[in-house]
1. Go over the candidates L30, L35 one by one and state the one that is modelled with pLDDT of 95 or more, within 14 Å of the ligand (Cβ to nearest atom) and surrounded by 19 or more Cβ atoms within 10 Å (Cβ to Cβ).
2. Taking segment 345-360, which residues are over 25 Å from M196 (Cα atoms) and modelled with pLDDT of 95 or more?
3. Among T203, T207, which is the only one that is away from the ligand (no atom under 14 Å from the Cβ), in contact with a strand residue (DSSP E or B) (Cβ under 8 Å, 6 or more places away or on another chain) and not in a loop (DSSP other than H, G, I, E, B)?
4. Mind checking whether some residue in segment 79-89 is in a helix (DSSP H, G or I) and acidic (D, E)?
5. For segment 292-342, which fully contained strands (runs of 3 or more DSSP E) count at least 2 residues that are under 25 Å from L356 (Cα atoms) and in contact with a Lys or Arg (Cβ under 9 Å, 6 or more places away or on another chain)?
6. What residue, among those in segment 39-60 that are more than 6 Å from the ligand (Cβ to nearest atom) and of a type in the set (G, A, S), is surrounded by the most Cβ atoms within 10 Å (Cβ to Cβ)?
7. Can you confirm whether segment 297-319 contains a residue that is out of contact with any strand residue (DSSP E or B) (no Cβ under 9 Å at 6 or more places or on another chain) and closer than 29 Å to R242 by Cα?
8. Would you call G47 in contact with a strand residue (DSSP E or B) (Cβ under 6 Å, 6 or more places away or on another chain), touching a residue at least 12 places away in the same chain (Cβ under 8 Å) and assigned by TED's automatic domain parsing to the domain that holds A353?
Amino acid sequence: MTSPDEFDIAVVGGGLVGGAIGYGLAKSGLHVALLDEGDIAYRASRGNFGLVWVQGKGLGLALYSNWTQLSARRWPELAALLRADANIDVALEQPGGFHLCLSERELEQRVQTLTRLVAQPGLEQYPFEVLDHAALAERIPGIGSTVVGGTYTRLDGHVNALKLLRALHMGFLKHGGVYLPNTRIESVQRNGERFMLEAKNKTFRTTKIVLASGLGNAQLAPQVGINAPVRPQRGQILVLERVRRFLHHPLATLRQTDEGTLLVGDSQEEAGFNDSVGMAILATLADRAVRTFPALRDVRVNRTWAALRVMSPDGFPIYEQSRAQPGAFLATCHSGVTLAAAHTLELAPMIAAGELGSRLHPFSAERLHVQKAA
Ligand SMILES: Cc1cc2nc3c(=O)[nH]c(=O)nc-3n(C[C@H](O)[C@H](O)[C@H](O)COP(=O)(O)OP(=O)(O)OC[C@H]3O[C@@H](n4cnc5c(N)ncnc54)[C@H](O)[C@@H]3O)c2cc1C
């Protein structure tokens with residue numbers, strides 16, 4: 001009989017990345033522990049914008065676009081599994097999404113970026129449309145005259161990200177996973193065939209581990225021989241009061257939730273571990289929202305928040321199995337909502353099998369060493 005602190009595999013971090021992987025691993029029949037620091041931790045998973053977004057992802061690494069597209073295509077399957085396992089509808093909608101531009105210069109830069117992106121060798125093509133004001137106004141009634149144009153791709157969508165986090169945890173439990181909150185892992189060591197994870201007053205023994213602890217990975221990953229120099233990047237969001245449904249597509253910085261509220265986002269700031277909101281940024285977000293939809297001038301702001309993204313040096317995910325300590329895996333990314341389907345349905349089975357497939361080799365942290373040396 002195994003002790004209660006022994007598992008086939010321990011996932012460190014119960015956010016969207018650890019939750020999605022843990023759910024996939026538990027579904028495969030393994031005895032899995034999900035160890036999470038708790039409510040005091042920094043958690044991007046509780047403060048994000050909820051987009052399942054392909055548009056614009058992958059400039060500089062075409063395979064990241066392909067991975068993102070794969071996840072977007074498999075998202076309906078994940079949503080159906082979560083409905084069956086957790087009895088939660090995560091409110092997935094994938095009607096395509098728009099990125100709106102408020103000046104000719106913005107539009108020009110946007111089109112240049114997407115043109116360069118889709119011209120990259122190795123990219124699974126995804127067509128994007130460029131629309132002028134008149135074409136946009138037909139598809140998104142109510143846009144302001146300062147919206148000069150925008151881009152559209154049909155793969156984009158959104159979900160309720162809090163319901164998603166909850167559903168992943170419920171699905172994990174349904175398949176026999178053991179969730180241990182308030183369990184901060186201080187150190188990881190190899191002892192023969194097993195990993196020893198040290199928490200306060202407790203040691204867990206496992207055959208494999210997955211480090212999915214968001215910003216905590218920077219400290220834990222080197223202990224298993226992986227370099228994961230992730231940093232915080234702050235994003236601020238405004239939440240507007242509930243209004244009658246008028247927006248049927250997510251926009252890159254504005255969307256109407258399944259509950260009727262409007263989310264206006266989201267800044268990208270280098271502010272270290274400071275996760276407080278500031279009026280200057282919020283005012284800029286509000287100004288753009290009102291210029292995009294003048295009717296929002298009369299809609300009240302209910303609340304605001306800031307949260308910290310988990311950013312790698314080049315912005316792309318890191319997936320790696322340690323060469324020094326095989327059986328220790330690392331997963332981190334800054335689009336954990338979008339990639340949840342890929343994490344549950346593609347990455348978790350690879351980890352269960354003990355090998356990351358060739359599709360994921362370009363995401364090794366070794367690319368960061370090469371860049372540094374160059
Ligand atoms: C403002 C904002 C907007 C965003 N918008 C989107 C979006 O629209 N679409 C999208 O796809 N993504 C979006 N993201 C990104 C997305 O939220 C993140 O990619 C995702 O939440 C990362 O999940 P994670 O599990 O890696 O990290 P986190 O959510 O930060 O979770 C890490 C977990 O690890 C635990 N932990 C840390 N250290 C330890 C330790 N030592 N021991 C045990 N547990 C530990 C913590 O308790 C925490 O629960 C956004 C992020 C922000 C901040």
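1. Only one candidate qualifies: L35.
2. Residues satisfying the conditions are L345, E346, L360.
3. Working: T203 fails: away from the ligand (no atom under 14 Å from the Cβ).
Criteria check complete, one pass: T207.
4. Yes, the conditions are met somewhere in segment 79-89.
5. On the way: elements: 301-311, 318-321, 328-332.
In segment 292-342, the matching strands (runs of 3 or more DSSP E) lie at 301-311, 328-332.
6. Among residues in segment 39-60 that are more than 6 Å from the ligand (Cβ to nearest atom) and of a type in the set (G, A, S), the one surrounded by the most Cβ atoms within 10 Å (Cβ to Cβ) is G58.
7. yes
8. yes
The values are calculated or read from the model by the stated rules, or taken from the named source; none is laboratory data. The structure displayed is predicted, hence computed values, not measured ones. All Cβ positions, even for glycine, are placed from backbone atoms using ideal geometry, and neighbour counts span all protein chains on display.
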